[in-house]
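Q: Mind looking over this structure? Questions follow.
The values are calculated or read from the model by the stated rules, or taken from the named source; none is laboratory data. Just so you know, these numbers come straight off a predicted model, no measurement behind them. When we count neighbours, we look across all protein chains shown, and the Cβ atoms used for this are built from the backbone with ideal geometry, even at glycine. Ligands, DNA and RNA are excluded from the accessible area calculation, which covers all protein heavy atoms including side chains. Shrake-Rupley method; radii C 1.70, N 1.55, O 1.52, S 1.80 Å.
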Amino acid sequence: MAGGSQWYEHDYEYCFVEMVILIVLVVLALIFETTWHKCTHETQNSYIYGDLQELIENASHSEPARRPCTNVTHLRLRKELVNRAGGEFMTLGFLAFVIFFSHNLGLLGWLVRRCPSSDEWHFPRTTGDWLTMAEMAHMKLFFGMVFYFVLIWRLVEGSIKKIQMWEQVRMRRAMSPRFNAATVLSVNAMDSDLGNHILWRRYFIQKMVRWQSKRPAPFRDLMQMLDIDTTSENVSENFHKILDRDFCFSEYLALSVESGVRDSIQVHVSTWCGVVLLFGSFALLHRFGRVSLMAVMPSFSGVLAIVLAVMRALVQKSLANIGKRVRTSHAEVVTASPGSSSPPTPREEPEAGGDNAQEEGGSNASKDKRWHRWLKEEHRREIVMFRFLQIVLFLNSYALAQVLLDFNEWALNPESSMLYTSLFALLFVFLA
């Protein structure tokens, strides 16, 4: 048999050991399959935007309210995560299949003959050495993917909490009186989530209306999608009215977060290409720089920490700038109309009923669907940042798996192995 000398004397001895191993493997596979099936079943009915509204309607036995974005499809993020994780682990199973057949078909033996060791450079000397290297690299990749999906699971749970909060705010706004610029601050004092939501929605609409002068080309495209005549003198007013009447800000936020999280769940080809390029850079460094991976770990971990800190600082700065602009915009509205209230901003969710509402429901839903899609397309530049973040998260996960499973380094230098393991574990906990 390929891969080693014959240890047994009779065939039934080999068959006995094989049957015992098969029993253990089947039992483990059954446990894993049962657990995975339970997780998959639980995610089939996991939370999706709109569930809270439906729950209230069912509990009160009331007629369902007309929703402005009825044709928009939301995502069950937990289901997306479980499905993608299953696909990735199946891919890792395929890699184990490739390693097994490479060993038994003699490919590893060909590598032994093709890559002999010399005084200048050493390669694995036997097929067993190559097999051990391949299996160890496969296990490090497997644990790296496990750690990566743990990080994404934390991202999914945090995103679901945000989406639930936005849906609750939308329902509270639909049940509250109409708000104007003078009453928003008092609302913010009593319900900060609702107050901030109203301020951000108003600022978002005002910013989109300003596109007519600041971004004329995208503005014309959007007007065409919404069937608004761009030659009309009051095109901005018409656009503002449509946004006020039909645009569901909380649903747009939910769709944006769902799109970003799904993009993080999907480990894209571009991400893998970036990882392969980095691995290639490490290979060249090891080959020609004659530097081990543990020697570059301090620099590597430092770069990862700096990149994550910079990205976090940029996000916080962006949020602070937007918050400042929102407050400034609101103050300008209040100052411009002292002693009187500005025109009220319509509810995010129009009241159900009425012939006109029923007649316009289909066209409004269709328009909402088109401009939600268009808005997401406008922010495709952020995909580059998502890809870069994916690479950083995976590299941190792989680095943790690398130091954990480097048993030879643990035996030779347990102190440094413990130090790097603790460092990457802290980064991992910080990200989670």
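Q: Criterion first (more than 19 Å from the chain's Cα centre (by Cα), farther than 16 Å from residue 397 by Cβ and not in a helix (DSSP H, G or I)) does residue 291 satisfy it?
A: Judged against the criteria, residue 291 is a match.
Q: Please state which of the following conditions residue 261 fails to meet, knowing it meets all the rest: (1) surrounded by fewer than 17 Cβ atoms within 10 Å (Cβ to Cβ); (2) of a type in the set (A, V, I, L, M, F, W, C); (3) touching a residue at least 24 places away in the same chain (Cβ under 8 Å).
A: (1)
Each row is one residue, and each column tells you yes or no for (1) over 30 Å from residue 90 (Cβ atoms); (2) charged (D, E, K, R).
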position: 236; (1), (2): yes, no
position: 239; (1), (2): yes, no
position: 248; (1), (2): yes, no
position: 275; (1), (2): no, no
position: 283; (1), (2): no, no
position: 290; (1), (2): yes, yes
position: 307; (1), (2): yes, no
position: 311; (1), (2): yes, no
position: 315; (1), (2): yes, no
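Q: Here's a follow-up. Using the structure shown, decide if residue 201 is in contact with a Ser or Thr (Cβ under 8 Å, 6 or more places away or on another chain) and either basic (Lys, Arg) or at pLDDT below 80 (or both).
A: Yes; evaluated as a whole, the condition is true for this residue.
Q: Can you pull out the residues in the range 218-247 that are in contact with a Lys or Arg (Cβ under 7 Å, 6 or more places away or on another chain) and surrounded by 16 or more Cβ atoms within 10 Å (Cβ to Cβ)?
A: 226, 246
Q: Here is a follow-up. Pairs, please: C-beta under 7 Å, at least 6 apart or cross-chain, first residue closer than 11 Å to residue 261 by Cα and without any contact (Cβ under 8 Å) to a residue 60 or more places away in the chain and in the range 144-172, second part of a helix (DSSP H, G or I) and of a type in the set (A, V, I, L, M, F, W, C)?
A: That search, which allows pairs on different chains as well, returns nothing.
Q: Is one or more of the residues making up the range 15-22 modelled with pLDDT under 85, in a loop (DSSP other than H, G, I, E, B), open to solvent by 80 Å² or more (accessible area, probe 1.4 Å) and out of contact with any strand residue (DSSP E or B) (no Cβ under 7 Å at 6 or more places or on another chain)?
A: No, the range 15-22 contains no residue that is modelled with pLDDT under 85, in a loop (DSSP other than H, G, I, E, B), open to solvent by 80 Å² or more (accessible area, probe 1.4 Å) and out of contact with any strand residue (DSSP E or B) (no Cβ under 7 Å at 6 or more places or on another chain).
Q: Taking the range 84-104 as the search range and keeping residues that are open to solvent by 40 Å² or more (accessible area, probe 1.4 Å) and either of a type in the set (Val, Ile, Thr) or in contact (Cβ under 8 Å) with a residue 40 or more places away in the chain (or both), which one is nearest to residue 135 (Cα to Cα)?
A: Filtering first and then ranking leaves 96.
Q: Can you name the condition, by its number, that residue 165 falls short on among (1) of a type in the set (A, V, I, L, M, F, W, C); (2) surrounded by 17 or more Cβ atoms within 10 Å (Cβ to Cβ); (3) modelled with pLDDT of 90 or more?
A: (2)
Q: Here is a further query. For the range 126-170, which positions are in contact with an Asp or Glu (Cβ under 7 Å, 6 or more places away or on another chain) and of a type in the set (A, V, I, L, M)?
A: Of everything in the range 126-170, those that are in contact with an Asp or Glu (Cβ under 7 Å, 6 or more places away or on another chain) and of a type in the set (A, V, I, L, M) turn out to be 145, 165, 169.
Q: Checking the conditions here, which among 394, 386, 424 is open to solvent by less than 70 Å² (accessible area, probe 1.4 Å), modelled with pLDDT of 70 or more and more than 28 Å from residue 255 (Cβ to Cβ)?
A: 424
Q: Within the range 281-319, track down each residue that is among the β-branched types (Val, Ile, Thr) and in contact (Cβ under 8 Å) with a residue 40 or more places away in the chain.
A: Correct list: 307 only.
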